[in-house]
Amino acid sequence: MSDGTAALQADDFTLFGLPRRFALDVAELDERRKALQRLSHPDRHAAAGAAAQRVAMQWSVRINEAWQRLRDPLRRAAYWCELHGVPVQADSNTAMPADFLLQQMQWREALEEAADETALRALQAEIEHERAARLAALQAAIDVEGDAASAAAQVRALMFIQRLLDSLHARLDEAAHSKAS
């Protein structure tokens, strides 16, 4: 651990000693986090005084924030886009291709009309298949093409899909609870 604020300001990939890529080995990321946390733990710096402990705490927070961001594929991709000058802007840029929006509407209708767990599971499989295809396209946009604009568009689409899957999982939970009653 360095006491330098420049190191604290390093991007997440650099902090973890990882290449700026979408594809990451999560086990390696977790190991690097543990190693960094061991180095920065405030108890290791107790003898150095309060200032050193504050710096160690800042490091600990910084490491956890970076780990959370890199561990989540969508957050990692959005962060990569930001680093490459193309923020995802999910709140303000909701423009999506018409075919994607139509698909979203069809899935939403299917979710509303699903009468039982079998219909929900079939819809889930379809949506998860699309999610996997878009994650593969996202990885290609970042790791092969280095295309931040294309990657940002994929991230926005995947955020729509994730919200839909969250709604679907809630419906599946409801179905499981009503079945158990």
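The values are calculated or read from the model by the stated rules, or taken from the named source; none is laboratory data. These numbers were taken from a predicted model, which means no experiment stands behind them. Neighbour counts are summed over all protein chains in view; Cβ atoms, including those assigned to glycine, are modelled from backbone coordinates with ideal geometry.
One line per residue, one yes/no per condition, for (1) of a type in the set (Phe, Trp, Tyr); (2) under 28 Å from residue 86 (Cβ atoms); (3) surrounded by 11 or more Cβ atoms within 10 Å (Cβ to Cβ):
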| site | (1), (2), (3) |
| --- | --- |
| 119 | no, no, yes |
| 128 | no, yes, yes |
| 139 | no, yes, yes |
| 142 | no, yes, yes |
| 169 | no, no, yes |
| 174 | no, no, yes |
| 179 | no, no, no |
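With respect to the numbered conditions (1) charged (D, E, K, R); (2) loosely packed, with under 11 Cβ neighbours inside 10 Å; (3) modelled with pLDDT under 95; (4) within 30 Å of residue 180 (Cβ to Cβ), which one is the sole condition not fulfilled by residue 109? The single condition residue 109 does not satisfy is (3). Here residue 62 meets each of (1) modelled with pLDDT of 95 or more; (2) in contact with a Leu (Cβ under 7 Å, 6 or more places away or on another chain) with one exception, condition (1).
All of (1) under 30 Å from residue 10 (Cβ atoms); (2) in contact (Cβ under 8 Å) with a residue 24 or more places away in the chain hold for residue 82 with one exception: (2).
Take the conditions (1) more than 21 Å from residue 163 (Cα to Cα); (2) in a loop (DSSP other than H, G, I, E, B); residue 61 misses just one of them, which is (2).
Just checking, which of 97, 87 is closer than 24 Å to residue 10 by Cα, of a type outside the set (S, T, N, Q), out of contact with any helix residue (DSSP H, G or I) (no Cβ under 6 Å at 6 or more places or on another chain) and modelled with pLDDT under 95?
Details: 97 fails: closer than 24 Å to residue 10 by Cα.
Within the list 97, 87, the selection yields 87.
Considering only residues in the range 136-181 that are of a type outside the set (S, T, N, Q) and in contact with a Lys or Arg (Cβ under 8 Å, 6 or more places away or on another chain), the one that is nearest to residue 19 (Cα to Cα) turns out to be 143. Pairs meeting the criteria (first residue in the range 108-130 and touching a residue at least 40 places away in the same chain (Cβ under 8 Å), second residue of a type in the set (Val, Ile, Thr), beta carbons under 7 Å, at least 6 apart or on different chains) are 127/161. Taking every residue in the range 2-15 that is in a helix (DSSP H, G or I) and hydrophobic (A, V, I, L, M, F, W, C) and pairing it with any residue that is modelled with pLDDT under 65 and exposed (fewer than 14 other Cβ atoms within 10 Å of the Cβ), at least 6 positions away or on another chain, the pairs with Cβ-Cβ distances below 9 Å are 8/2; 15/7.
Restricting attention to the range 22-36, which residues are surrounded by fewer than 15 Cβ atoms within 10 Å (Cβ to Cβ) and in a helix (DSSP H, G or I)? Don't jump to the end; show me each part of the working.
At the first step, the residues of the range 22-36 found to be surrounded by fewer than 15 Cβ atoms within 10 Å (Cβ to Cβ) are 23, 25-28, 30-31, 34-35.
Hits for the range 22-36 are 26, 27, 28, 30, 31, 34, 35.
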